[in-house]
Structures are given as C-alpha cells and as structure tokens.
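Q: Below: one structure in structure tokens.
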Amino acid sequence: MTNLNELYEAILKGKLEQAQAVTQQAIAEGVDPQSIINDYMVKGMEEIGARFEAGKAFVPNLLMSARAMKGCLELLKPLLKGDGGSSAGRVVIGTVKGDLHDIGKNLVASMLEGCGFEVINLGVDVSSEKFIDAAKTNHADIICMSALLTTTMNYMKEVIAAIEASDLKNKVKVMVGGAPLNNDFAIAIGADGYSANANDAVALARRLVNA
Ligand code: B1M
C-alpha cells in the first residue's frame, strides 16, 4: 500500500524521481487522481511556498518542487482525460504577462480537457494581444486567465479592457483564477467569473458556455 505522505515529502523536497515513483505506485493501486493531486501534491507546494515566505526556502527550492510537481502531473494527466466525446466548448488559457507560474494554470487546462473542453494553452507571460488573437483564430467561447502574483493580477483588467474594445466584445466570456485572486476582484475588473481551483473552473466554464 502506497504511503502518500512520501509523495508530499518528495514534492516538498523537490525529489522528482521519488515523487514519480510514489505517484506511479498510487496509480497502479487505483488511488483517485484528484486525491493524489489535491491532498498531497498541492499541499507540498503550499508548504514550500510558506517556507519561502518565511525565509526558510529559496527560489531554487521552489524550482525543484515545481519540477517534481510537473513530473507527477505528467503521469496523472492521462487519467484526467475525458471520453473524447463532442466538445463542451473552446477555451483559450494562459498565465498573464509578467507571470511565469504555470502549474495551477496547467492543472486547470488538464481538468478542462478531461471534461471535454478543447483547450488552447498559450503558456506563460501572455499579453492581451496574444489572448485576443488566439481567441479570434480559434473561435473561443472562453478566455481563461491565471495569475499568481499580486503585481501581475492587475494586468487582467487590461486584457478585459482590450477585449471590450475589440470585436470580441459580448462574444467571449472571461474567467480568472490564481492564488491571490478572489470573487470581489473578479467582479471589480469585469470578469464573468472566478474560480478558486481546477474543479470549480470546470463547473464555471460549463455554466458560462451554457449561459
Ligand atoms: Co513563486 N511566488 N515566485 N515561483 N511561487 C508564489 C506565488 C508566492 C505566493 C510564494 C510566497 O511568497 N509564499 C509569491 C507571490 C507573492 C505575492 O505576489 N504576493 C511568489 C514569488 C514572490 C515569486 C518570485 C517573485 C520570487 C523571486 O524571484 N524572488 C518569482 C516571480 C517570477 C515571475 O512569475 N515573474 C517566483 C518564481 C517562482 C518559480 C519560477 C520558482 C516557481 C514557479 C514554477 C512554475 O510554475 N513553473 C514558483 C512557485 C512554485 C511558487 C509557489 C511556491 C507554488 C505555486 C504553485 O505551483 N502552486 C507559490 C506559493 C503558493 O502558491 N503557495 C509561489 C500549486 C498550484 C496547483 O496552485 O497555482 O494556486 P495554484 O493554482 C490553483 C488555484 O490558484 C487555481 O487552480 C489551481 C489548481 O487548484 N487557479 C486557477 C490557478 N490559475 C487558475 C486559473 C483559473 C481558475 C483557477 O482560470 C479561471
């Protein structure tokens, strides 16, 4: 029986091989992928973030934990896939300009894909022009923005203003998310919705597409 606390520890210490070995064992034992991610992997990332904030961990530690988390998510990604049925909608997703955090955004992208959405993932450091071009080219239903920094979250407002000034106005919905955001912020910048995690993002995307 897998000891998933070892996964938490491996993510926290940034030990990729060890984290992947435990993840593989958990997958083989049929442990729920959502539980592996939310109860152990995300908790490890939260703890390394808290240690960083307290001056007890440094950027290289964050990078190593991020590498371990990403390596495990790659193993779990196929299990988040849906049945390949008809598209639930088309989403353009990216982390906003100036921000390089992509783990949560990629998790949201994988969950949306797993639940039948077509996802165009623009990566990190995405400008308003790039969001708008991609949404137009791909006839997106939703633009989904992520930010992890209090300094970059304000850029979302610029993207929304650019959308309003373009011919996408009233044609595309905007969803936002990321650790420093909340619902009040989303309303204040004129987004159509905010979600705190990947599961809620799927539910919100479904509501927005059907609205
Ligand atoms: Co950075 N970092 N980081 N970092 N980093 C934070 C965000 C920080 C809170 C750490 C801390 O001080 N406690 C802090 C921000 C403080 C602030 O803004 N107030 C911080 C800082 C300061 C920095 C640097 C400035 C550090 C430096 O260089 N001195 C720098 C900035 C670089 C830049 O972006 N320009 C930096 C760099 C990095 C690394 C590159 C080393 C690395 C990122 C690697 C990568 O992503 N490829 C990193 C990491 C790993 C973190 C922490 C530790 C973990 C983030 C993470 O992956 N969490 C983070 C601390 C923390 O968050 N506790 C921290 C796990 C992930 C699953 O959760 O991303 O929140 P999260 O996503 C969730 C939800 O938020 C939501 O769903 C996801 C899944 O449930 N969600 C969405 C996210 N996006 C969504 C979009 C949606 C919906 C939901 O659309 C609708």
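The values are calculated or read from the model by the stated rules, or taken from the named source; none is laboratory data. Worth saying up front: this structure is predicted, and the values here are computed from it rather than measured. Counting neighbours? That spans all protein chains shown, and the Cβs are built from the backbone with ideal geometry, glycine included. These accessible areas exclude ligands, DNA and RNA; they are computed on the full protein's heavy atoms, side chains included. Shrake-Rupley method; radii C 1.70, N 1.55, O 1.52, S 1.80 Å.
Q: Using Cα-only point scatterers and the Debye equation, what is log10 of I(q)/I(0) for region 19-103 at each q in 0.10, 0.18, 0.20, 0.22 Å⁻¹, rounded to two decimals?
A: One equal scatterer on each Cα of region 19-103 leads to -0.34, -0.93, -1.05, -1.13.
Q: State log₁₀ I(q)/I(0) for the chain at q = 0.10, 0.12, 0.18, 0.19 Å⁻¹ as given by the Debye formula over alpha-carbon point scatterers of equal weight, solvent excluded.
A: Ignoring solvent entirely, the Cα scatterers give -0.44, -0.63, -1.24, -1.33.
Q: Hey, another quick one. Mind putting a number on the dipole of region 89-177 about its Cα centre? Charges go on the C-beta only, +1 for Lys and Arg and -1 for Asp and Glu, and I need it in Debye to the nearest 20.
A: 180 debye
Q: If you fit an axis through the alpha-carbon atoms of helix 128-137 and take the longest principal axis of the Cα set of the chain, what angle between them do you get, 0 to 90°, nearest 10?
A: Around 80 degrees separate the two axes.
Q: Take Cys72, Cys115 and sort them by solvent-accessible surface of the protein heavy atoms, 1.4 Å probe, largest at the top.
A: Cys115, Cys72
Q: While we're looking at this one, here's another question. Rounded, prolate or oblate: pick one for region 105-211, where a ≥ b ≥ c are the square roots of the eigenvalues of its C-alpha gyration tensor, a/c under 1.5 means rounded, and failing that, prolate if a/b is larger than b/c, else oblate.
A: Note, shape of region 105-211 comes out rounded.
Q: In addition: Quickly estimate the mean residue ellipticity at 222 nm for the chain, helices only: each DSSP H run with n ≥ 4 gives -39500 (n - 2.57), and the total goes over all residues, rounded to 500.
A: -15000 deg cm²/dmol
Q: Excluding ligands, DNA and RNA, what is the solvent-accessible area per residue of the chain at a probe of 1.4 Å, expressed in Å²?
A: Ligands and nucleic acids excluded, the result is 50 Å² per residue.
Q: With a 1.4 Å probe and every protein chain left in place, tell me how much accessible area Asp167 has, in Å² to the nearest 10.
A: 100 Å²
Q: Are there GluC sites (Glu not before Pro) in region 1-37 that DSSP marks as loop and that have at most 13 other Cβ atoms within 10 Å, and which are they? Please report the intermediate quantities before stating the final value.
A: Working: sites: Glu6, Glu9, Glu17, Glu29; in loops: Glu29.
Qualifying residues, ordered by number: Glu29.
Q: To continue, here is another question. To the nearest 10 Å², what's Val172's accessible area with a 1.4 Å probe?
A: 10 Å²
Q: Residues in region 107-146 near a label at Ala165, defined as backbone nitrogen under 13 Å from the 7 Å Cα→Cβ point?
A: 128-129
Q: Net charge near Val31, counting Lys/Arg +1 and Asp/Glu -1 over other residues with Cβ under 14 Å of its Cβ?
A: -4
Q: For region 1-130, which whole percent of the accessible surface, found with a 1.4 angstrom probe, sits on carbon and sulfur atoms?
A: About 54 percent, which is the carbon plus sulfur part of the accessible surface.
Q: If I fit a long axis through the Cα atoms of helix 103-114 and take the longest principal axis of the Cα atoms of the chain, what angle between them do I get, 0 to 90°, rounded to 10?
A: On a 0 to 90 degree scale, this one is about 70.
Q: To the nearest 10 degrees, how steep is helix 42-53 against the longest Cα principal axis of the chain, on a 0 to 90 scale?
A: 90 degrees
Q: Also, I was wondering about something else. Counting only trypsin sites (Lys or Arg not before Pro) that sit in a DSSP loop (anything but H, G, I, E, B) with at most 15 other Cβ atoms within 10 Å, what is the longest stretch of the chain containing none of them?
A: In short, 82-168.
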